[in-house]
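Data first, discussion second: the structure below is written as structure tokens.
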Amino acid sequence: MSAHHRGDDLEDDYVPDDLVASSGEEEDALASHVPASDDIGGLLSADEDAEQESAALAKRKRREKEKERKAKKRKLVETRDDDEAPSVAAQPPHELTGYLSSIQAKAFPAKSTLELLDISIPETSIVDTTSWTESRSLDRLVEFIIKVLPPLHKRLRQRPKASGSPTLLFIAGAALRVADITRVLKDRKLRGEKGGDVAKLFARHIKLEEHVTYLRRTKIGSAAGTPARVGKLLCETGKDALSVAQLTHIMLDVSYQDAKKRNLFDIPETRDEVIRSVLGAPKLLQGIKEGRIQVVLF
């Protein structure tokens, strides 16, 4: 009786087909090269790290280029500043008298020539600062006062006798500029150990009444302020909170220019406040005309 062959039985003389055998080996080889899921995650993570590192490098390069650009821009501005004409403040008194007269005429367009003459600043009341040939920047202000204005320096080192009565009044066009000036005026080289307080007079964050109270109880040696606030303290408070009894010098910040290259007198509103409310304050103008108060253009 013949035996039945099962489907998976091979004949004794069966030889496997080469194609079939090699196909199976290739599948095994491919299977051995297929990465596991953990390996795929690692590859993806490595790619992400490489991308992040590349982005960080690009960002650093952009920052470095931006720094270089800004440095070049600053150098260019400094070069331009060095090439600019000297400040109007460097002119001799007889020329500054004409300069201030022209500013007064702009502030009072309706006044006649005779009326303007009544409020003009005498040449004898303008300090000659032509001996100072260096920059008129704030970092030179202390040395400027010491070398060019020795009588003022001497008084700033003395103890004030009365409240709200400074020796020096410094007028600047903006609150931030006033804050910078105040910090310089606090220098011990100017005030010594006995010098009075330095008043900061501008409207930002400080009410007029607060300034009045402060001045009435504080002995100040110098004060820096905007023309609007100083003008009100001189003219509108009614009780001389800011007194000119001890004032010997009023300094005008004409060399400084804002971002638009405008000085103290180039902005009509500021110009008019300086001329009308500050230099035009009756007691201050009287002191200037009598020679008790000297005008300094810085």
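The values are calculated or read from the model by the stated rules, or taken from the named source; none is laboratory data. Predicted model, so just to flag it, every value in this text is computed and none were measured. All Cβ positions, even for glycine, are placed from backbone atoms using ideal geometry, and neighbour counts span all protein chains on display.
Farther than 17 Å from Ile126 by Cα, touching a helix residue (DSSP H, G or I) at 6+ places or on another chain (Cβ under 7 Å) and either modelled with pLDDT under 95 or aromatic (Phe, Trp, Tyr) (or both): is that true of Ala241 in this structure?
Working: farther than 17 Å from Ile126 by Cα: yes; touching a helix residue (DSSP H, G or I) at 6+ places or on another chain (Cβ under 7 Å): yes; either modelled with pLDDT under 95 or aromatic (Phe, Trp, Tyr) (or both): yes.
Answer is yes for this residue.
Counting only residues that are under 26 Å from the mean Cα position of the chain (by Cα) and of a type in the set (Val, Ile, Thr), segment 199-247 holds 4 of them. For segment 274-286, a residue qualifies if it is within 30 Å of the chain's Cα centre (by Cα) and in contact (Cβ under 8 Å) with a residue 60 or more places away in the chain, and the qualifying residues are Val274, Ile275, Arg276, Val278, Leu279, Gly280.
Checked against (1) over 24 Å from the mean Cα position of the chain (by Cα); (2) farther than 22 Å from Arg292 by Cβ; (3) hydrophobic (A, V, I, L, M, F, W, C), Leu152 passes all but condition (2). Do we find that Lys289 is under 20 Å from the mean Cα position of the chain (by Cα) and surrounded by fewer than 17 Cβ atoms within 10 Å (Cβ to Cβ) in this structure? No, not satisfied.
If we scan segment 204-217, do we find a residue that is surrounded by fewer than 23 Cβ atoms within 10 Å (Cβ to Cβ), modelled with pLDDT under 95 and closer than 25 Å to Ser137 by Cα? Yes: one or more hits.
I'd like the full set of residues that are in a helix (DSSP H, G or I) and without any contact (Cβ under 8 Å) to a residue 12 or more places away in the chain, limited to segment 213-238.
Of segment 213-238, the ones in a helix (DSSP H, G or I) are 213-217, 227-235.
Correct list: Thr213 only.
Only one residue in Thr129, Thr124, Thr97, Thr182 is touching a residue at least 40 places away in the same chain (Cβ under 8 Å), over 25 Å from Phe202 (Cα atoms) and surrounded by 13 or more Cβ atoms within 10 Å (Cβ to Cβ), so which one is that? Let's see the steps before the verdict.
Working: Thr124 fails: surrounded by 13 or more Cβ atoms within 10 Å (Cβ to Cβ); Thr97 fails: touching a residue at least 40 places away in the same chain (Cβ under 8 Å); Thr182 fails: over 25 Å from Phe202 (Cα atoms).
Unique residue meeting the criteria: Thr129.
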